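The values are calculated or read from the model by the stated rules, or taken from the named source; none is laboratory data. Here the structure is a predicted model, which means the values were calculated and not measured. Positions of Cβ are backbone-derived with ideal geometry, glycine not excepted, and every protein chain shown enters the neighbour counts.
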Amino acid sequence: MLHTFVALVEDKPGVLTRVASLFRRLNINIISLTVGHSERSDVSRMTIVAEAPAGAGHRIKASLFKLENVLDVDDVGQFSCVVRELALIKVAATQQSRAPIFQLAEVYRARIVDLAPESLMLEITGVAAKIEGLIQVLSEGDNPILEVSRTGRMVMRRGQHTSRVLEAMRVSSPEEEPIIPVTISEGDLEVFSGDPNHPL
Amino acid sequence: MTEKPAIPAASQPTRLTGAEIVWATLAGEGVRTVFGYPGGAILPVYDALRKYPIRHVLVRHEQSAAHMADGYARASGRVGVAVATSGPGATNLVTGIATAMLDSVPMVCITGQISSKLLGTDAFQEVDITGITLPITKHNYIVTRPQDIAPVLREAFLIARSGRPGPVLVDITKDAQQASADFDFEAAAPSPHRPHPMLSAEHDAISESIALILGAKRPIILAGHGILESGAMDQIRTLAERLHIPVASTLLGIGAFPASHDLSLGMMGMHGEAWVNQAIQQSDLLIACGMRFDDRVTGVLASYAPNAKKIHIEIDPSEVNKNVKVDIALVGDLREILETILPHIAPRKDSAWVRAVNAMKGDAAVRDIKNLPDLGHLYAAHVIHDLWRATDGNAIVVTDVGQHQMWEAQYYKHDSPRTLITSGGLGTMGYALPAAIGAKLACPEKEVWVIAGDGGFQMTSAELSTIVQEHLDINIAVMNNGFLGMVRQWQEFIYEGKYSCVKILSPDFVKLADAHGIAGASVSKRADVLPAVETARNSGAAFLINFMVEKEDAVYPMIAPGSALDEMIRRPSNGHNPLLETSEEP
């Protein structure tokens, strides 16, 4: 099954290798791994999606904790989360053949971010199934897909959850800000599912 | 030895070179002995060493430096330190680091590295040692600035000895060693470890455990290495004695509970005595303390202790439910957890279970082989048994890997902790001689014996020179059977007796010792064992005994791979072998 972990790690050289090497060592394939800044300086946030047996979550989490640069780990599979992925898709299309792609983009709420004489580029955000849906429809059309670049999943738990470990460590916290009440837009509802494996 | 000046005052900042900071930090951490080998990229550190009161043991191969630091740590409980240069010096440490990793031994390895400007250029003796050791260290660092050396080294010591201990490698570039920085030992103190939310021994789990322990009819304590690391020897003994719970040890748990105690069963697992494994299979409650259900102790998992509830007390949450599914996991420091449990355990008078376990010994019994005839043969088991008697069980015994290692675990009764030093997890041949050097330097007042086979001994026998150079009184027993014995035994049992590459030619070990200036003797008769052992013990210097033992003897009982714990290969009772497992005379 697919496991999803959020790891808060020190922003230092070599940390990504340590995390990736752990999965290699356990002979577990990483489906996607995204890394970027978090709300705290010096702390990076990784979202790791991996294919592993159902009972493997505890051991992966405990093994991640054994890495000195890993500050906190959350096995988010069981929680209600917002899951997002971004993709850039380049499609071969001339002036004459663009129209159907514009229509598709409309349906999938994708954006045209580049337009060249013989190609165009789409940007789409959503759960994996939505992106895969667009790719599927595009590949069935007459305009060949030239390139696809996907970020892999980013996951954040819903509600007022935050890392207790980082709080306990008093790692530099974000500026005091009033808690913004949770608002759900229509678009969210359409693509949201608590289950990251849910098709939409 | 010339007097060395005292450590510079550590309380206020001093301007030092990076190389000096290395030693000043080690001295501040209480390090008195390091094991190492100089080379180009670590020259500044070796130059600075002359100013510091730290003993450096020059090894003959860096692998031995790591094993010595490991043996030093296991004998003393303190962090062992090994030093090597870049490139081949660093890669030679690898086997020793992996050995320490698999057995959770606190160790800090310091390697020189080429200057930071040259990193990644394939400069002379450059190797990516932090990349190479990533999976076999608890953590590792590369340091390129002198001001980072003290904080990194102090953090390395903290990591090495905290939680489940392990080796940490610190790679220091040559320019960082040469440049200067302010040194303030106190200011370099590491920040406290991050909280670990997976460490939990919750109230409910504790009360559940107490109920299971009090309700069990056939409980067994599985005593592992964690007892030594946590210092929970007294607590384990109290628990066992209050409820009359038999105690089975893992290989690395030997010494955590006195072997001569009535409740001690001995070593469990692949070469455990028959009654130990039978008792585990019949048990209704396993209290696993600081052990990890390694494949060598469980046999095939599907049939392991089928009727037993399992309580696992362990500091590393990644070990919980890894091999054996347990009913209750208490994740945390073993001693603290036992201290919480013990007040709820009232002493009991008697245990039918202990009588039943003792009765099991009757069939497999009694391995006290003192009075069995040897029929003119010399058996390694006899030698080890006699060595135990001669040393009154008080020596530190450092073994290599193979048959002799198992015989040692079976026949040398260890009553006190940290007296058996052996490579359990990685099973590193060549470990014994260098690890014994480390152990002797950690505990100079203790009698130290190396027990090694003729194969493993030759892997690191160059360290005989180190013993002489350092004037160490270490006694060496080589169990010489002309074979790589354990592999030969597997080929006999599992490959239909077809031998492949297991016959090994050795030099005359007594002459080899003599060439190093070490006295020695060869023994091939049982009657000569004790006199030779006494000569070695009274020689006041290193001594080597070459025991010419039975060539094709096997370690019994043995659980073949893929078999259950109670499916043992037993010693054939054809009357020819004196080491019968029945108490009858052959």
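Of note:
- Listed by first and then second residue, the pairs linking a residue in region A:129-147 that is at positive phi to a residue that is part of a loop (DSSP other than H, G, I, E, B), with Cβ atoms under 7 Å apart and 6 or more places separating them unless they lie on different chains, form an empty list.
- Matching residues in region B:509-530 - criterion: being in a helix (DSSP H, G or I) and either farther than 14 Å from B:Ile384 by Cα or of a type in the set (S, T, N, Q) (or both): B:Phe509, B:Val510, B:Lys511, B:Leu512, B:Ala513, B:Asp514, B:Ala515, B:His516
- Within region B:149-255, helices (runs of 4 or more DSSP H) holding 1 or more residues that are of a type in the set (Ser, Thr, Tyr): B:203-215, B:226-230, B:233-243
- For B:Ser200, the criteria (1) over 26 Å from A:Ile60 (Cβ atoms); (2) within 14 Å of chain A (Cβ to nearest Cβ); (3) of a type in the set (S, T, N, Q) hold in every case but one, which is (1).
- Condition broken by B:Ile142, with the remaining ones in (1) touching a residue at least 40 places away in the same chain (Cβ under 8 Å); (2) touching a strand residue (DSSP E or B) at 6+ places or on another chain (Cβ under 8 Å); (3) within 14 Å of chain A (Cβ to nearest Cβ) satisfied: (1)
- Residue ID - nearest to B:Ile42 (Cα to Cα), chosen from residues in region B:114-148 that are of a type in the set (Lys, Arg) and not in a helix (DSSP H, G or I): B:Arg145
- For the criterion of being farther than 27 Å from A:Val6 by Cα and either buried (at least 20 other Cβ atoms within 10 Å of the Cβ) or at pLDDT 95 or above (or both), A:Gln96 fails.
- Residue identified as more than 18 Å from the chain's Cα centre (by Cα), of a type in the set (Gly, Ala, Ser) and more than 14 Å from chain A (Cβ to nearest Cβ) among B:Ala187, B:Ala223: B:Ala187
- Taking (1) in a strand (DSSP E or B); (2) within 14 Å of chain A (Cβ to nearest Cβ) in turn, B:Leu286 satisfies each apart from (2).
- Residues (within 14 Å of another protein chain (Cβ to nearest Cβ) and either in contact with a helix residue (DSSP H, G or I) (Cβ under 8 Å, 6 or more places away or on another chain) or of a type in the set (A, V, I, L, M, F, W, C) (or both)) located in region B:320-341: B:Val320, B:Asn321, B:Lys322, B:Asn323, B:Val324, B:Val326, B:Ala329, B:Val331
- Single residue of region A:1-26 satisfying the filter (of a type outside the set (A, V, I, L, M, F, W, C) and under 19 Å from A:Asp75 (Cβ atoms)) that is surrounded by the most Cβ atoms within 10 Å (Cβ to Cβ): A:Thr4
- Test result for B:Ala542, in contact with a helix residue (DSSP H, G or I) (Cβ under 7 Å, 6 or more places away or on another chain) and at pLDDT 90 or above: yes
- Under the condition of being of a type in the set (S, T, N, Q) and at pLDDT below 95, the residues counted in region B:4-53 number 3.
- Qualifying strands (runs of 3 or more DSSP E) (wholly inside region A:45-131; at least 1 residues being among the aliphatic types (A, V, I, L, M), within 13 Å of chain B (Cβ to nearest Cβ) and within 22 Å of the chain's Cα centre (by Cα)): A:70-75
- Unique residue being in contact with a helix residue (DSSP H, G or I) (Cβ under 7 Å, 6 or more places away or on another chain) and not aromatic (Phe, Trp, Tyr) when the list is A:Ala7, A:Ala20: A:Ala7
- Single residue of region B:103-136 satisfying the filter (closer than 28 Å to B:Ile315 by Cα and surrounded by fewer than 17 Cβ atoms within 10 Å (Cβ to Cβ)) that is nearest to the other protein chains (Cβ to nearest Cβ): B:Pro135
- Meets criteria (surrounded by 11 or more Cβ atoms within 10 Å (Cβ to Cβ), over 30 Å from A:Phe65 (Cα atoms) and modelled with pLDDT under 95) for A:Ser185: no
- Residues of region B:142-180 that turn out to be buried (at least 21 other Cβ atoms within 10 Å of the Cβ) and in contact with a helix residue (DSSP H, G or I) (Cβ under 7 Å, 6 or more places away or on another chain), as a count: 18
- Residue in region A:62-73 that is within 26 Å of A:Ile131 (Cβ to Cβ) and touching a residue at least 12 places away in the same chain (Cβ under 8 Å) present: no
- If you go through region B:181-196 and keep only what is touching a helix residue (DSSP H, G or I) at 6+ places or on another chain (Cβ under 6 Å) and not aliphatic (A, V, I, L, M), you end up with B:Phe183, B:Phe185, B:Pro190, B:Arg194, B:Pro195.
- Some residue of region B:435-454 being in a helix (DSSP H, G or I), buried (at least 23 other Cβ atoms within 10 Å of the Cβ) and aromatic (Phe, Trp, Tyr): no
- Given (1) surrounded by 19 or more Cβ atoms within 10 Å (Cβ to Cβ); (2) more than 21 Å from B:Leu433 (Cα to Cα); (3) not small (Gly, Ala, Ser), number of the condition B:Phe509 does not satisfy: (2)
- Scanning region A:25-41 turns up at least one residue that is in a helix (DSSP H, G or I) and within 13 Å of another protein chain (Cβ to nearest Cβ).
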